Amino acid sequence: MKKLVGIICCLLTLLACAFALADAEIDETNFPDAYFREFVKKFDSDGNNCLNSAETAAVTEMNCSMMEISSLQGIEYFTQLKTLYCMENLLTELDLSRNTALEFLVCNDNKQLASIDLGKNDVLYHLECGNSHLTCLDVSRVSILKDLVESREPLDLADPFQHWIGMNGIGLTLDQGVEVITDTPVSVSAIELNKTRVSLSVSLSKKGTIKLKSTVSPADADNKAVAWKSSNKKVAKVDENGTVTAIGYGSCTITCTAEDGSGVQAACEVTVTADEIKDEALKYRLNHTKKTATVIGPVKASVSKVKVPATVKANGKTYKVKAVAANAFKGMKKLAAFYTGKNMTTIGDSAFENCVKLKTIGIQSKHISKVGADAFKNTYKNVKLLMPKDLTKSYVKKLVKLLINSGVKKITQVFE
């Protein structure tokens, strides 16, 4: 039984501490300025060095002027504060955004005071902050003072201040030259793109494109302009309208940034694969599914010799070169020699038609099964067929038949 009572007491103690944490201890954490910390002790009615919600709510007026206070941090606990005098201190900034009940503020002669946050002080009707270091004051969220400034010019009272004076104590006093902001621009808070991840392809004659569209929030943002940028222009570029164009294999990030200075961004990840590539001599079309490549033509039409490799590399992968496309070398007048790669299986229709000087065909592949119609029509009258010695007789016989049927007139077999 005693043990149970002890446990209950501990729980009650922990619960009391938890509630105490919701209050404001009068310490350096909550009130870092020593002079202000000493000042607020007057509101600690029970003397426990802690301000509870009832004690802070009871404070509606505060005068902490001429106390050499450099920070009013902790004033946010006084949520019912309506009147504040804090003149002739050493304040550099004044954040009253939590004191939403504040109506009357006098902070004159804080010569180092450079900023006042009145973003949520809509009921404030009287403000004096002359002889400060302010260069501007934003009252766009303080409707009474905003209306006052917009409705009349400041009074000329032959002193170094600007005065706006209205009825029933409404007024604003500032140093001459301090800009009063009554209409704060609405900044961009978010950008949403229609795509966050895209895949594009690029060929030798066509580059894949996609149009990215941005939606800016809020809808009433004053400046909705955005800027586009690619992290790698060798992979993909983007224009001022958000059109992305594939350039080469790889990945990059397209970033859309608000131009209103808010720094808000959105991004789209772009992956580019190549459908067609070229090396120093040949152009290829790629089959990404089968990981194969087809020769579609030469880089230069004036070459005299074509040697097809066994493989090519693209998109970070290896592709077996298994075919020569139809019409790939058709009409190349200077072409004299053609050598297959070891993975070649197919030579397309009219691939070498009208290559009148073509007199050497080198076969490195053991897998050629198709030579298209007219593939070697109108080539040299006596073609030398170079082959490795390890080819089977049946394969050589089949190969010769395929070449003759495709237009070769006469073949001289040479085994190397």
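Values for this structure:
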item	result
Kirkwood Rh, Cα atoms: Rg over Rh of the chain	1.40
Order by protection proxy (mean Cβ within 10 Å, highest first), peptides 377-387, 95-105	95-105, 377-387
Computed label-point distance, nm, for sites Asn194 and Thr29 using a 7 Å Cα→Cβ extension	5.2 nm
For region 325-346 and region 212-270, distance of Cα centres in Å	44 Å
Beta bridge orientation in the chain: antiparallel %, DSSP, nearest 5	50 percent
Residue-wise HN-Hα coupling along region 37-45, computed from phi with Karplus coefficients 6.51, -1.76, 1.60 (Hz; x: Gly, Pro)	4, 5, 5, 6, 4, 5, 8, 8, 5
Cα gyration tensor of region 134-197 - equivalent ellipsoid semi-axes, whole Å, descending	36, 14, 7
Portion, in percent, of the accessible area of the chain that falls on carbon or sulfur, probe 1.4 Å	51 percent
Semi-axis lengths (Å, descending) of the ellipsoid that matches the C-alpha gyration tensor of region 235-392	43, 17, 11
Hz values of 3J(HN,Hα) by residue in region 266-283 - Karplus curve (6.51, -1.76, 1.60), Gly and Pro given as x	9, 9, 10, 8, 10, 10, 10, 10, 9, 8, 9, 9, 8, 10, 5, 10, 10, 10
Counting DSSP beta bridges with both ends in region 21-110, the antiparallel % (nearest 5)	25 percent
Chain lengthening between Asn232 and Ala281 when straightened (0.36 nm per residue, less Cα-Cα)	14.9 nm
Square roots of five times the Cα gyration tensor eigenvalues for region 58-208, Å	42, 20, 16
In order through region 320-335: 3J(HN,Hα) via Karplus (6.51 cos²θ - 1.76 cosθ + 1.60), integer Hz, x for Gly, Pro	7, 7, 10, 8, 10, 5, 4, 6, 4, 10, 4, x, 7, 5, 9, 5
Sum of side-chain charges, Lys41 neighbourhood, beta-carbon under 12 Å (Lys, Arg +1; Asp, Glu -1)	-4
Theoretical gain in end-to-end length, Glu259 to Arg98 [0.36 nm per residue, Cα-Cα removed]	54.9 nm
Two-site label geometry, Lys384 and Val186: point separation in nm, points 7 Å out along Cα→Cβ	8.1 nm
Neighbourhood charge, 10 Å Cβ-Cβ cut-off, centred on Tyr77 and excluding it, Lys, Arg +1 and Asp, Glu -1	-2
Relative contact order, percent, the chain [alpha-carbon distance under 8 Å, six or more residues apart]	6 percent
Size-normalised alpha-carbon gyration radius of region 174-296, reference 2.2 N^0.38 Å	1.53
Length-normalised contact order of region 73-232 in % [C-alpha pairs under 8 Å, at least 6 apart]	15 percent
Pair Leu391, Glu68: separation of 7 Å Cα→Cβ label points (nm)	10.4 nm
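The values are calculated or read from the model by the stated rules, or taken from the named source; none is laboratory data. Not measured: the values here are computed from a predicted model. Virtual Cβ from ideal backbone geometry, glycine too; neighbours counted across all protein chains shown. For accessibility, only protein heavy atoms count, side chains too; no ligands or nucleic acids. Shrake-Rupley method; radii C 1.70, N 1.55, O 1.52, S 1.80 Å.
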